[in-house]
Amino acid sequence: MNYSNITNIPFSGRMAFIAVLLISFSFIGQANANEFTAKEKAAISEHYDILAEHQAESDQALESKLQAEFDEQVLDSEQEFMELTCATHGLDFDSEFEVCYE
């Protein structure tokens with residue numbers, strides 16, 4: 001077997017050293033991140049308050065929509081129940097007055 005066709009990959013010590021420096025600086029930069037100033041903290045707090053307000057409004061709107069749909073379904077079910085009950089007894093159902101009649 002002839003191994004003379006194997007390609008050598010050149011290794012550069014300088015490139016490796018630069019890569020190590022870049023990686024270490026990225027970790028050092030993360031470790032030395034400054035805390036937020038009082039003004040920045042106030043702005044963040046204000047944004048969280050706005051988000052909470054919008055979420056509460058969205059929750060209230062969804063709750064109102066679901067309650068309206070539920071109320072409509074209850075009314076429909078009540079009317080259907082009364083129609084079936086009246087029909088079982090051989091009566092007709094008046095939806096305006098919600099009574100059974102002959």
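The values are calculated or read from the model by the stated rules, or taken from the named source; none is laboratory data. Remember, it's a predicted structure, so these values are computed and weren't measured experimentally. For neighbour counting, all protein chains shown are included, and Cβ atoms are generated from backbone atoms with ideal geometry for every residue, glycine included.
A quick yes/no check of all residues on (1) surrounded by 10 or more Cβ atoms within 10 Å (Cβ to Cβ); (2) at pLDDT 90 or above; (3) small (Gly, Ala, Ser); (4) in contact with a Cys (Cβ under 9 Å, 6 or more places away or on another chain):
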| position | (1), (2), (3), (4) |
| --- | --- |
| TYR3 | no, no, no, no |
| ILE6 | no, no, no, no |
| SER24 | yes, no, yes, no |
| LYS41 | yes, yes, no, no |
| ALA68 | yes, yes, yes, no |
| VAL74 | yes, yes, no, no |
| PHE81 | yes, yes, no, no |
| GLY90 | no, yes, yes, no |
| TYR101 | no, no, no, yes |
query = Quick one: would you say SER12 is modelled with pLDDT under 90, small (Gly, Ala, Ser) and more than 30 Å from GLU102 (Cα to Cα)?
reply = yes
